[in-house]
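See below for the structure under consideration.
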Amino acid sequence: MASRLQRRPAYDLYHSALQIEVAEGKYVVEQAPVPDLSGNERGVVAEGPVGSRLAGRFRIFRYEVRLWLNGHIPDVVEAVDSPRRLTQDDDRARRVLETVARVPTPVWGRDELATGDMWNSNSVIAWVIARSGIDTDPIEPPEGGRAPGWNAGLEVARRHDEPA
């Protein structure tokens, strides 16, 4: 429906997540709804509101960012054109792990940071990759698809690099 309103072709939509393999195990980085108050078990490092800051007072309107050792991505078996190896450099992988907890947490589904794109799971992953020093230029969604929010994450990461 959005594509028709914007008079553009319809595309498949994609959700991003990361798996980082280091000596101590595999970490999963993703943004997802807050299912319960057991965030420590899922490696939750940040939370943010969904829809509006006011609604974010209630758990049902919150998201969490996970850095989950030995975690799993529930729908990984449905992943298209992945996984994609972004680096084999252990130092770079550890930089990704260190970066996750510093991710911004604006309102999910809104353009609160004035990037021209809404903030969502793709924004989180794009921001983490970019802030970790991994080249994001070759990363694109599969043919015929798009990843809404990806550019928001890249733009906010770029702003962080600019001199004040």
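None of the figures in this text is laboratory data; all of them are computed from the coordinates on show. Remember, it's a predicted structure, so these values are computed and weren't measured experimentally. Using ideal geometry, Cβ is built from the backbone for each residue, glycine included, and neighbour counts are taken over all protein chains shown.
Rg/Rh, computed from the Cα trace of the stretch 12-161 with Rh as the Kirkwood radius, has the value 0.94.
Between the C-alpha center of the stretch 2-61 and that of the stretch 128-164 there is a gap of 16 Å.
By the helix-only formula, in which each DSSP H run with n ≥ 4 contributes -39500 (n - 2.57) and the sum is divided by residues, the chain has a 222 nm mean residue ellipticity of -6500 deg cm²/dmol. Placing unit charges on the Cβ atoms of the charged side chains and taking the dipole of the stretch 12-161 about its Cα centre, the candidate lying farthest along the positive direction among PRO141, SER123, SER16 is SER123.
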